[in-house]
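Trainee: Here's a structure for you.
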Amino acid sequence: MQPTNPVAAATHANPYPYYRDLLKGPALHFDPVLKLWVASRAAVIREVFGNPQCLVRPAGEPVPAAIAGSAAGEVFSLLMRMNEGAAHAGPRRVIGQALSAIEPERIRAAARQCAAMLGGRHDLSDGAGLTGWTFDLPTHVVAHLLGFGQGELPSVARWVADFVRSLSPLSTAEQLAEASVAAESLMLRCSELIRANAQDGETLLGEIRRGAEVAGWDSKRAILANLVGLLSQTHEATAGLIGNGIVALLRDPDLQARLRADPALASAFVHEVARHDPPVQNTRRFVSAPATVAGVPLKAGETILLLLAAAGRDPKVHHEPDAFMLDRPQWELAGFGRGRHGCPGQAIAHTIAVQAIRHLLSEGALLDPSVLTWSYRPSANGRLPIFSSAMTRELQ
């Protein structure tokens, strides 16, 4: 059975035949149930990303109503990825340059260290343990690079997980309350970390501080909020990238054997996972003034749903789009955004995921489809595997 609509596709067992049908249809079509426009082709999505009238938030609701006025809402309002123009460009440049300044080997080393440490806390042969490991690892790595001590990484990871729930339209009132507590805790702890490492340029935090000074970005609250944003943006997207990589290995024993025999293939493998089964399946853009997209006139106030996962299977961009190829000559990864809102953390997410896959395979983790099964966390846009042990499911 196909998904009931483009949003439900994100957590469907196999949404890709449905996306394939959409790619054969109009370049832009209106969904009367969701009351929004839907774009699936890569060229149209590129066009929307580059259109200055297509914004990341509705003009009349810069902060989601569910968290407006809360601590989580304050953090959201200051995030560079949720703003446009000068409020976006300066912080984005600072964060992007700081991430680029971190030596790749430092990121790899941090990922290896955190993967091994968390492997001692989570049973990777158990579905629940494997799931916990995939979600904890990205946050631990980024927090470690920022300069947090090893002993406080679990608390930071817990706060980030709680905060991220406030970004979902599916969150309950209790989760929203927990998210605001987490936002306050993260802002306070990041502030303390800045004071404790005022002159430290050897950490990612030090790089961000130096870049902010050079750029004249002197809003302390905005800097703190974007530190929280860096942690939270890494949390689910990278966990989903790792998790969908594990799913690919569970589905294809021959592919798993190839990677075990040649760990150097892990980088190409993660690139292909990000195209073939991305963790961010869709995103939205909000039309702020009359605009034309794919030849269709749009009114101010209308919404466009961008099916990033469908674009990854667009045959006009990718040869044999449904095939999983480690030797694909190039990848266009719509899931990391593009243009003024392209993800500055793409390289770090890729590196963490590569080291995660290599750790699982080098440690002989039992990635056996007869032992592990999976479903997807409820989400309006994320494809985040939740693993379970087959025996556990039989007993439930």
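Trainee: Per the helix-only calculation at 222 nm, which mean residue ellipticity applies to the chain, given -39500 (n - 2.57) for every DSSP H run of n ≥ 4 and division by its residues, nearest 500 deg cm²/dmol?
Mentor: After summing the helix terms and dividing by residue count, I get -16500 deg cm²/dmol.
Trainee: Here's another thing I want to ask about it. Using alpha-carbon positions, what is the distance between the centroids of the stretch 52-74 and the stretch 200-261, in Å?
Mentor: Each part reduced to its Cα centre gives a spacing of 23 Å.
Trainee: Here is a further query. What Kirkwood hydrodynamic radius, in Å, does the stretch 6-106 give when the mean of 1/r is taken over all pairs of distinct Cα atoms and then inverted?
Mentor: Hydrodynamic radius (Kirkwood, Cα pairs) of the stretch 6-106 is 16.9 Å.
Trainee: On to the next question. For labels at F324 and A43 in the simple 7 Å Cα→Cβ model, what's the distance in nm?
Mentor: 3.0
Trainee: Here is a follow-up. Of the listed values [x] 0.96; [y] 1.27; [z] 2.39, grab the one calculated as Cα Rg over 2.2 N^0.38 Å from the structure here.
Mentor: [x]
Trainee: Name all residues of the stretch 59-100 having a backbone nitrogen under 16 Å from the label point set 7 Å from the Cα of A177 along its Cα→Cβ direction, giving them as ranges.
Mentor: Residues 67, 70-72 qualify, since their backbone N sits under 16 Å from the label point.
Trainee: Taking the simple approach of a point 7 Å from Cα along Cα-to-Cβ for both Q97 and E363, what is their distance in nm?
Mentor: About 3.8 nm, to one decimal.
Trainee: At 0.36 nm per residue, and after removing the present C-alpha to C-alpha distance, how many nm does the segment from Q2 to K24 gain when stretched out fully?
Mentor: Extra length from Q2 to K24 when fully extended: 6.3 nm.
Trainee: If you look for lysine pairs in the chain that are eight or more places apart or on different chains, how many of them have Cα atoms under 26 Å apart?
Mentor: Qualifying lysine pairs in the chain: 4.
Trainee: Here's another thing I want to ask about it. Compute from the Cα atoms of the stretch 116-263 the Rg and the Dmax, the latter being the longest Cα-Cα distance, and quote both in angstrom.
Mentor: Both quantities, over Cα of the stretch 116-263: 17.5, 53 Å.
Trainee: Now for a different question. Through the Karplus equation 6.51 cos²θ - 1.76 cosθ + 1.60, θ set to phi - 60°, convert the phi angles of the stretch 9-25 into ³J(HN,Hα) values in whole Hz; use x for Gly and Pro.
Mentor: After applying 6.51 cos²θ - 1.76 cosθ + 1.60, I find 4, 4, 10, 6, 4, 8, x, 6, x, 5, 4, 4, 5, 5, 5, 7, x Hz.
Trainee: Using a 7 Å offset from Cα along Cα-Cβ at V214, what residues in the stretch 345-367 end up with backbone N under 20 Å from the label point?
Mentor: 345-348
Trainee: Using 0.36 nm times the number of residues separating A390 and R112, minus their current alpha carbon distance, what extension gain do you get?
Mentor: Residue separation times 0.36 nm, minus the Cα-Cα distance, leaves 97.2 nm.
Trainee: What does a probe at A257 reach in the stretch 346-369, counting residues whose amide N is under 20 Å from the point 7 Å along Cα→Cβ?
Mentor: Those under the cut-off are 358, 360-369.
Each value in this text was obtained by applying a stated rule to the coordinates, not by laboratory testing. This structure is a prediction, so every number in the text was calculated from the model and none was measured. FYI the Cβ positions are ideal-geometry reconstructions off the backbone, even for glycines, and counts take in every protein chain you see.
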